Amino acid sequence: MIATSRRNLILSAAMAGAALGLDKSLAIAAPARRQQTADPAQGFFRYKVGDAECTALYDGIWEKAHDAAYFSNATVAETKEALAAAGFITAFVTIPITVFVIKLNDKLILCDAGGGDQVQAFNPKSVFVSGKMMANMKAAGIDPKKIETILISHFHPDHIFGLLEKNTNAPVFPNAEIIVPAAEYKWWTDPSLIARLPKGRRPLARRIQAVIPNWKNVLPVEGEDEVVPGIRFVSAPGHTPGHAAFHISSGNEQLMISNDAAYVPALCAMHPGWHGVFDQNAVVAEASRRKLLDRVIADKMMICGSHFPWPGLGKIAKDGGGYALTLDVA
Ligand SMILES: [Zn+2]
């Protein structure tokens, strides 16, 4: 169905191009820059973990054009095969962005903040749409002013730019306490970092350094502390130096919000040994991924992730040399 609507888009663009007297190849190239995946009919999804009420909020989608550098040890053909095996279209990598609000012990906790409509696709053939979190939060009946605590997994743009107003860098949640992994905070706010980063990553580090250390409501937390009653940071470095997952425990139930430890499960969980270019230290990221997923299986936890197929909640099981995600959207 998706393939058909994509073909129709291309055909209609080609016809429109012909009507305007445009070069045919230009008209055919244009639709690749538009979002082709439909947004979910409802941009929020609610479920319970013991007494905790979790609400997944849809923030947007990255339709990532294939490129040979995505995995250092898997080809584009292998990537397409893995997508097809999991039932995805293979024209691009489908990477939704989901944030989570947890209501536990009468506290409202936001887990990561999405991209705030400020994330650029690296490749002009890709599409990156973000910033729908706020509208979907309101649709879910959650008042953003009532959010007391924000947990941040790591400082990549699709997880923190939703904290910053687009043109002013003003805080979107000035009254919330923003709890971040200390290792992540230290790494990104080190003034000597910028010269050591590849050029493409420098604007991100500059923006972080210009803004985050000046906010009085940012609290770096070491290790695997309980950051709010019932929720702990779980150290899962490699994707970035301080990347953390969030573990929720209530009654007899547990949920691991895995964030970017296994970002696109059809690729990174099914093939945990594939080393992604967006994992800063891919060897460390692989070890963290395996450790986290093994723990989720051993302790029979539910799992979700920032880039799992919407709405992201599921169970994970060993499948050959990898881990298979089964979505649980009952
Ligand atoms: Zn991410």
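The values are calculated or read from the model by the stated rules, or taken from the named source; none is laboratory data. Here the structure is a predicted model, which means the values were calculated and not measured. Cβ sites come from the backbone with ideal geometry, for glycine too, and all protein chains shown count toward neighbours. What goes into the accessible areas is simple: the full protein's heavy atoms, side chains included, and nothing from ligands, DNA or RNA. Shrake-Rupley method; radii C 1.70, N 1.55, O 1.52, S 1.80 Å.
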Considering only the other residues whose Cβ falls under 11 Å of the Cβ of Ile95, what net charge follows from Lys and Arg at +1 and Asp and Glu at -1? -2
Over the chain, the sum of -39500 (n - 2.57) across DSSP H runs of at least four, divided by residue number and rounded to 500 deg cm²/dmol, gives at 222 nm -7500 deg cm²/dmol
Row for the stretch 145-303, column shape: gyration tensor on C-alpha, a ≥ b ≥ c, rounded if a/c < 1.5 i.e. under 1.5, prolate if a/b over b/c, else oblate; value oblate
Note the full-extension length gain between Lys186 and Ala84 as 0.36 nm times their separation in residues minus their Cα-Cα distance, in nm to one decimal. 32.7 nm
Paramagnetic label zone (point 7 Å from Cα along Cα-to-C-beta, Gln35; backbone N under 20 Å) in the stretch 148-191: 157-167
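Under 12 Å from the Cβ of Phe308, count the other residues' Cβ atoms, weight Lys and Arg +1, Asp and Glu -1, and hand me the total.
In short, -1.
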How large is the accessible surface per residue of the chain, computed with a 1.4 Å probe and reported in Å² as a whole number? 45 Å²
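Cβ under 10 Å from Ile152's Cβ, Ile152 left aside: what net charge do those residues give with Lys, Arg +1 and Asp, Glu -1?
Local net charge: -2.
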For the chain, which whole-number percentage of the solvent-accessible area (1.4 Å probe, protein heavy atoms only) is attributable to carbon and sulfur atoms? 56 percent
Where a Cα-Cα gap under 29 Å defines reach, which lysines qualify for Lys318, not counting those fewer than 8 residues away within the same chain? Lys48, Lys64, Lys80, Lys291, Lys300
